[in-house]
Amino acid sequence: MSAALIDGKTVAEALRGVLAAKVAGLGFKPGLAVVLVGDDPASAVYVRNKDRAAVGAGLAVRTIRLSAETQQAALLAQIAALNADPTVDGILVQLPLPAHLDQKPVIAAIDPAKDVDGLHPVNAGRLANGDPLLVPCTPLGVMKLLAAASIPTRGRRALVLGRSVLVGRPVAALLLNADATVTVAHSRTADLAAECRRADILVAAVGRPEMVRGDWVKPGATVIDVGINRLPDGRLVGDAAFEECRTVAGAITPVPGGVGPMTIACLLENTVTAALARRG
Ligand code: GUN
């Protein structure tokens, strides 16, 4: 058997088209501010892609590039200015920050109504309470891919591999809100392979290349691979061993072209959501 491919590129393109049409009818341009501190090359690529997609959807985008030596107080002052700016509907601080900066207070300084990354404790709390407003972009993209592929969640066993604030925890909360029976596994889980084999939906978000093997997958299960890992030979692979898993799974996301394109599309959606909520 060969699994159905869940094509994130196509789903993301469709979502971007819907958003562009919605923005065109608004009569104003939702404003997105992206803050990039330092010169991490991967972050620079992400930010450029976000900028391009946001402009394509008709948003007003401002990218604020700060030097790697920026101090905590200066970054907090920048965020305060964006919070106070009525033309800014969404604020995203690209992560990771340089090591000398303390990430948690930076995220907590963002106005929760403009927190298009969904990482502010108010938004994380709303999600945990089953009353989400702004949800982290990659987890939101995972749920949209499941919906697009008509994968039911109610009553299904879901295994989330990874417990990060950016992906694992919010994905688990979203799956729980969607009536799945959710297990969160991580580096201290006793028997990862056995936990994975029980899952109807397996979400891999650990950042370890090809960790999930074919015999970890329950026959017919859905594998959502959030990992994007660059191997020494230059190949880009996910957290699941794709060729092995696709012979066992019922449906699987490729890397690249699976979850990745959804993250930016969901950032655009969150910016529109925030703009509509703020401006009535
Ligand atoms: N770095 C990698 N992924 C993300 C993301 O979703 N949001 C932010 N702010 N930084 C990231």
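Just so it is clear, none of the values below were taken in a lab; they were calculated from the coordinates. Bear in mind that the values here come from a model prediction, so they are computed numbers and not experimental data. Cβ placement follows ideal geometry from the backbone for every residue including glycine, while neighbour counts extend to all protein chains displayed.
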Search result, residues across segment 182-207 that are buried (at least 17 other Cβ atoms within 10 Å of the Cβ) and either assigned to a loop (DSSP other than H, G, I, E, B) or under 21 Å from the mean Cα position of the chain (by Cα) (or both): V182, T183, V184, A185, A199, D200, I201, L202, V203, A204, A205, V206
Of all residues making up segment 122-159, the number that are under 21 Å from T253 (Cβ atoms), out of contact with any Leu (no Cβ under 7 Å at 6 or more places or on another chain) and away from the ligand (no atom under 16 Å from the Cβ): 10
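Residues are listed down the side, and each one gets a yes or a no for (1) small (G, A, S); (2) closer than 18 Å to G90 by Cβ:
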| residue | (1), (2) |
| --- | --- |
| K114 | no, yes |
| G125 | yes, no |
| L145 | no, no |
| S150 | yes, no |
| R163 | no, no |
| L174 | no, no |
| N177 | no, no |
Residue tally, condition charged (D, E, K, R), closer than 23 Å to A173 by Cβ and touching a helix residue (DSSP H, G or I) at 6+ places or on another chain (Cβ under 6 Å), over segment 68-113: 1
Some residue of segment 11-23 being out of contact with any strand residue (DSSP E or B) (no Cβ under 6 Å at 6 or more places or on another chain), more than 25 Å from P254 (Cβ to Cβ) and not aliphatic (A, V, I, L, M): yes
Odd one out for I91, checked against (1) under 16 Å from the mean Cα position of the chain (by Cα); (2) away from the ligand (no atom under 16 Å from the Cβ): (2)
Of residues in segment 217-250 being outside any helix (DSSP H, G or I), in contact with a helix residue (DSSP H, G or I) (Cβ under 9 Å, 6 or more places away or on another chain) and in contact (Cβ under 8 Å) with a residue 40 or more places away in the chain, the one nearest to the ligand (Cβ to nearest atom): V226
